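Since the structure comes first, as structure tokens, the remarks are kept for the end.
Nothing in this text is a laboratory measurement; each read-out follows from the coordinates by a stated rule. Since the model is a prediction, treat every value here as computed from it, not as a measurement. Here the Cβ positions follow ideal geometry from the backbone for every residue, glycine too, while neighbour counts run over all protein chains shown.
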Amino acid sequence: MSLLIKNGEIITTDSRYVADIYCEGETITKIDKNISAPAGTEIIDAAGKYVFPGFIDPHVHIYLPFMGTFSKDTYQTGSKAALVGGTTTLIEMCCPSRADDALASFDLWMSQAEGKSACDFTFHMGVTKFNDTTEAQLREIVARGISSFKIFLAYKGAFGIDDTELYRTLKLAKELGVVVTAHCENETLVSERCKELLAAGKTDPGQHHESRPPIVEAEGVHHLMTFAELTGAATYIVHLSCVEALKEAIAARQRGVRVGIETLIQYLVLDKTYAEKPNFEGAKYVMSPPLRDVRNQSILWNGLRDGLIQTVATDHAPFDFEKQKPMGKDDFTKIPNGIPSLEERVNLLYTYGVKTGKIDLHTFVNVGSTAVAKQFDLFPRKGSIQLGADADLVVFDPNYHGTISAKTQAMNVDYSAFEGWKLEGRASVVTVRGQIAAQNGRFCGATGRGQFLKRKPSHF
Ligand code: URP
Ligand code: ZN
Ligand code: ZN
């Protein structure tokens, strides 16, 4: 089985040229002008289009038991939505509750994905408690091919860990060369402020932001950075939303702390006024950390452009508007947190980032793919267009014009946070390891073909 992509403009983080890409089996084997392919080769005409390495989403929830319910996608639906939108690899958060066993949870999350995912996948292993048993199990999980942990400084009682557990997790990560990804918000401040707001009768979705203002996130980042500095562990801040938190991370980086920074497409294009929409509409936009004041957007875009922020993720966490978001109709603290966006990240980043001149094409490829692969031990197999790399490719049509709607989306949820938004450009052909998986907004691949990507720790 071979595939030839002809005459596309190949864009990587540091190159831009027109050439053909020939893929034999699952791998890129030739890049040149005027490649002639043997009979039987599938040929894609990419003239007038860009060819990007497959995009990688470093922060996704597919199977997520959370706030008394479950997020709506399964790997059957979520991986297809990813592919339709140009994401060929996703990294899911494996999130056991504190009551659960780490190894059994890892097996459970794997069973949700293996044989069901259409795109390639791996996991950040959630460390939601830390004791001798957990430690032994984490060692086993790393040996099975996981090279990143996930911790929560928020959500105490569900996923959150205390400071002793944080210290020990980071020490273990340092020893194993694993990077620790972290949700940074001060849980005590969040829960005290929630109580105060509810007692004052402030129950609507817009109050979610007031319960966790920027300084609460900045304190979480500062806290993590202190522990990272003392242990020497490599860290990665997930879903950073605001300048206050960014300053803390950069200050720590200047002290020598190893820290990667991820922001989300939501923080780049949405702001807190969406969560203040009347008639409970704002609930569609409740997530943590919350959408911020609009002034943060240019700071985040500039951070991507200048390399202060490494990656753009989705934190895809779909909860429907019919039954799940209304769990918090009279109490914002009960609204399941999360915004679906797995399908739209790449197209939104292109339309609202590249087309508007906020970032260039190379930065787009880097923050959506290559830097993710490098950060999480997937490079150069993923995130690159070079000989020997997996033939995960996105032929991208910069002349496409379209409109986002929940009616046409592949994500299994009843609303879109971007309903009616215009797109200028989209993934027109998406391949995973040499096979076409999506074309013009439709999935056409094989369910269950997605592979678990074994990773080796490198952050010693
Ligand atoms: O609101 C969010 N972010 N929901 C998903 C869980 C998490 O915190 O990542
Ligand atoms: Zn989080
Ligand atoms: Zn998350």
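Treating only the Cβ atoms of Lys and Arg (+1) and Asp and Glu (-1) as charged, compute the dipole magnitude of the chain about its Cα centre; round to the nearest 20 debye.
Values: 50 positive and 55 negative charges, 103 e Å.
Computed charge dipole of the chain: roughly 500 debye.
Work out how much length ARG305 to LYS195 would gain on full extension: take 0.36 nm times their residue separation and subtract the Cα-Cα distance, in nm to one decimal. Each step should come with its number before you reach the end.
Details: separation 110, 0.36 × 110 = 39.60 nm, distance 3.93 nm.
Separation in residues times 0.36 nm, less the Cα-Cα distance, equals 35.7 nm.
Nearest 10 degrees is fine. How inclined is helix 214-231 to the longest principal axis of the chain, computing both from alpha carbons?
With both axes taken from Cα atoms, the answer is about 80 degrees.
Between the DSSP loop rule and a limit of at most 15 other Cβ atoms within 10 Å, which trypsin sites (Lys or Arg not before Pro) in the range 222-279 are left?
Within the range 222-279, the qualifying trypsin sites (Lys or Arg not before Pro) (loop, at most 15 other Cβ atoms within 10 Å) are ARG255.
Pick out, from GLY383, ASN412, ALA317, the residue whose Cα sits farthest towards the positive end of the charge dipole of the range 309-414, with +1 on the Cβ of Lys and Arg and -1 on the Cβ of Asp and Glu.
The residue sitting farthest along the positive end of the dipole is GLY383.
I'd like the Karplus ³J(HN,Hα) series for the range 93-108: coefficients 6.51, -1.76, 1.60, θ = phi - 60°, whole numbers in Hz, and an x wherever there's a Gly or Pro.
Coupling constants for the range 93-108: 7, 8, 10, x, 7, 4, 6, 8, 7, 4, 5, 4, 5, 4, 4, 5 Hz.
Could you tell me the relative contact order of the range 52-122? Use alpha-carbon pairs under 8 Å, at least six residues apart, and round to a whole percent.
Numbers: 89 pairs, mean separation 27.7, N = 71.
That works out to 39 percent.
Quote the relative contact order of the range 130-262 in percent (integer), defining contacts as alpha-carbon pairs under 8 Å separated by 6+ residues. Let's see the in-between values first.
Working: 186 pairs, mean separation 32.4, N = 133.
Taking the mean separation of contacting Cα pairs over the length of the range 130-262, I get 24 percent.
In which sequence would ASP163, ASP293 go, from the one with the fewest C-beta neighbours within 10 Å to the one with the most? Write down the numbers at each step before the final one.
On the way: ASP163 11, ASP293 14.
Fewest to most other Cβ atoms nearby, the residues stand as ASP163, ASP293.
What are the residues whose amide H is under 5 Å from the amide H of ILE261, where those residues sit 5 or more places off or on another chain and H is modelled from the backbone?
Amide H neighbours of ILE261, under 5 Å, 5+ apart: ILE237, GLN310, THR311.
Test of the criteria: in the range 364-460, which trypsin sites (Lys or Arg not before Pro) are in a DSSP loop and have at most 14 other Cβ atoms within 10 angstrom of their Cβ? Could you put the intermediate results ahead of the total?
Numbers: sites: LYS374, ARG381, LYS382, LYS407, LYS422, ARG426, ARG433, ARG442, ARG449, LYS454, ARG455; in loops: ARG381, LYS382, ARG433, ARG449, LYS454, ARG455.
Filter output for the range 364-460: LYS454.
Step through the residues of the range 396-407 one at a time and calculate ³J(HN,Hα) from phi using the Karplus curve (6.51 cos²θ - 1.76 cosθ + 1.60, θ = phi - 60°), rounding each to whole Hz and writing x for Gly and Pro.
Residue by residue, the range 396-407 yields 10, 9, x, 9, 5, 10, x, 9, 7, 8, 4, 5 Hz.
Residue-wise, which Karplus ³J(HN,Hα) couplings in Hz belong to the range 424-437, taking 6.51 cos²θ - 1.76 cosθ + 1.60, θ = phi - 60°, and x for glycine or proline?
10, x, 7, 5, 9, 9, 10, 10, 10, 6, x, 10, 6, 10
For the residues ILE299, ILE309, ILE404, what sequence is obtained by ranking on other C-beta atoms within 10 Å, fewest first? Write down the numbers at each step before the final one.
Working: ILE299 16, ILE309 25, ILE404 20.
In order of increasing Cβ crowding within 10 Å: ILE299, ILE404, ILE309.
So what is log10(I(q)/I(0)) for the range 1-125 at q = 0.10, 0.11, 0.13 1/Å, when the Debye sum runs over its Cα atoms only?
Scattering profile of the range 1-125, log10 relative to I(0): -0.45, -0.53, -0.67.
In the chain, how does Rg compare with the Kirkwood Rh, expressed as the Rg/Rh ratio over alpha carbon atoms? Numbers along the way, then the final one.
Working: Rg = 21.1 Å, Rh = 22.0 Å.
Value, to two decimals: 0.96.
Percent relative contact order of the chain, based on C-alpha pairs within less than 8 angstrom and at least six residues apart? Each step should come with its number before you reach the end.
Working: 1135 pairs, mean separation 107.0, N = 460.
RCO, the chain: 23 percent.
Where does each of MET110, MET1, MET225, MET67 land when they are ranked from fewest to most other beta-carbon atoms within 10 angstrom?
Details: MET110 15, MET1 11, MET225 22, MET67 19.
Starting with the residue having the fewest Cβ neighbours, the order is MET1, MET110, MET67, MET225.
Filter LYS329/LYS407; LYS156/LYS329; LYS116/LYS334; LYS156/LYS272; LYS80/LYS374; LYS171/LYS334 down to the pairs with a C-alpha to C-alpha distance above 28 Å, please.
Values: LYS329/LYS407 24 Å; LYS156/LYS329 23 Å; LYS116/LYS334 31 Å; LYS156/LYS272 24 Å; LYS80/LYS374 24 Å; LYS171/LYS334 34 Å.
Violating the 28 Å Cα-Cα cut-off are LYS116/LYS334; LYS171/LYS334.
Would you mind telling me the antiparallel percentage of the DSSP bridges in the range 54-375, rounded to 5? Show your work: numbers first, answer last.
Working: 2 of 29 bridges.
Just about 5 percent of them are antiparallel.
What is the gain in length, in nm to one decimal, between SER458 and ASP45 on full extension, counting 0.36 nm per residue of separation less the C-alpha to C-alpha distance?
Details: separation 413, 0.36 × 413 = 148.68 nm, distance 3.84 nm.
Net length gain for the segment: 144.8 nm.
Placing +1 on the Cβ of each Lys and Arg and -1 on the Cβ of each Asp and Glu in the chain, which of ILE31, LEU189, CYS95 has its Cα farthest towards the positive end of the resulting dipole?
ILE31
Show that you can apply the helix-only estimate: for the chain, add -39,500 (n - 2.57) for every DSSP H stretch of four or more residues, divide by all residues, and state [θ] at 222 nm to the nearest 500. Mind showing how you got there, number by number?
Numbers: 13 runs with 128 residues, N = 460.
Computed mean residue ellipticity for the chain: -8000 deg cm²/dmol.
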